[in-house]
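Report on the structure given below.
Bear in mind these aren't lab numbers, they're just calculated from the coordinates by the rules spelled out. Predicted model, so just to flag it, every value in this text is computed and none were measured. A quick note on method: Cβ atoms are made from the backbone with ideal geometry, for glycine too, and the neighbour counts reach across all protein chains shown.
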Amino acid sequence: MGVVIPLDEKKNQAASVKPLQDLTKADMERVNQLILAKAGSHVEMIPEIARHLIASGGKRLRPMLTLAAAQMCGYSGDHHIKLATSVEFMHTATLLHDDVVDESDMRRGSSTARIIWGNQASVLVGDFLLGQAFKMMVEVGSLDALDVLSSAAAVIAEGEVLQLSVAKNMETTEDDYLAVIRAKTAALFAAAAEVGPIVAGSDKATRKALSSYGTNLGLAFQLVDDVLDYGGKAADLGKNVGDDFREGKVTLPIVLSYRRGTEDERAFWRSAIETGENDDVALEKALGLMTKYNALSDTIARANHYGDMARDALAPMPESEHKAALLEVIDFCISRVT
């Protein structure tokens, strides 16, 4: 079940992360080796759970941003490997924690760790990975990098709590929702991009440019994910289509549909989201209302807006193959919805 929203920009249809993957391939091999090494423990369940999630897929976009940003700024040492690994561990930890909070059964086409090992183990292994991430940050020895990543960790946690406060609440506004995803998703994208120029010793303007790029890329990425929940394929999305709806998550397509609807339609949304009457029939009706009020296409328009802001953030930087690859990532993130 799903709908396809075509994009007007044909350039997005051919966009790929391959240029970024090619530029960071050698460094990513080192990151992957370090991931396996740092996920090791004499407590058998820790590497089992870590390997389960690490091996389940994902493009490792966030650590690639760290590596590419460092390379673009002329860095030639080893510290970016540890920082990229820290970023991936932070992301993996948040996935483990998110699946517990959201009671999710599927992640990237496989059963979630909480289904296999239980909620307690998932939370604790997430905590272990966060601890390993901070150890690597300390080993790098950059207070600025430590500050950026630790601040991001705090913001992400705040975003999780903020999401709980708006969960199943149909009075959530677009501003409320943007505050959630700015914290939950965009903060780590921003930090991942900013620590590259930090370790390379770049100036504040470059740091700000890459941080802004990461923030806006993260917002665009999450808004597209919101649309994919109603118009994607489970294999591409990494979870079942309609999971957000069934879990009562108030994402932007729902916010827009609710605000624009009639009183009867708003009553349907309250019943579906707040009281959990969200079977397949309700999902079909939800899709119909989203189409009626252009909620999906307008969410994509918001994503394109943040994509443009990410492009503008990089505009002053010198032309390079790394800059071109980072720009293409914006198009790729948005093109996932076609």
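Counting only aspartates and glutamates at least 8 places from Lys25 when in the same chain, those with an alpha carbon closer than 18 Å to its own are Asp78, Glu88, Glu321, Glu328.
Among the listed pairs Lys59/Lys82; Lys38/Lys208; Lys38/Lys135; Lys204/Lys323; Lys82/Lys204, those with a Cα-Cα distance over 20 Å are Lys38/Lys208; Lys82/Lys204. Label positions at Asp308 and Asp279, each projected 7 Å from the Cα along the C-beta direction, are separated by 4.4 nm.
About its Cα centre, the dipole of the chain is roughly 700 debye, where the only charges are +1 on Lys and Arg Cβ and -1 on Asp and Glu Cβ. Per-residue ellipticity at 222 nm computed for the chain from its helices equals -23000 deg cm²/dmol, with DSSP H segments shorter than 4 residues left out and the rest contributing -39,500 (n - 2.57). Selection among Gly231, Ile198, Gly242 by position relative to the dipole of the stretch 161-251 gives Ile198 as farthest towards the positive end (Cβ unit charges, Cα centre). Backbone geometry of the stretch 147-158 corresponds, through the Karplus equation with coefficients 6.51, -1.76 and 1.60 at θ = phi - 60°, to 3J(HN,Hα) couplings of 4, 5, 6, 5, 5, 4, 4, 5, 5, 4, 4, 4 Hz, x marking Gly and Pro. Shown is the FRET efficiency for Lys323 and Leu36, computed with R0 = 35 Å from the Cβ-Cβ distance and rounded to the nearest 0.05: 0.70. Taking amide hydrogens as placed 1.01 Å from N in the peptide plane, the amide H of Met106 sits under 5 Å from those of Thr112, each at least 5 positions away in sequence or on another chain. Which of Thr172, Thr185, Thr66 ends up with the largest GNM mean-square fluctuation for the chain, with Cα atoms connected below 10 Å? Answer for the Gaussian network model of the chain: Thr172.
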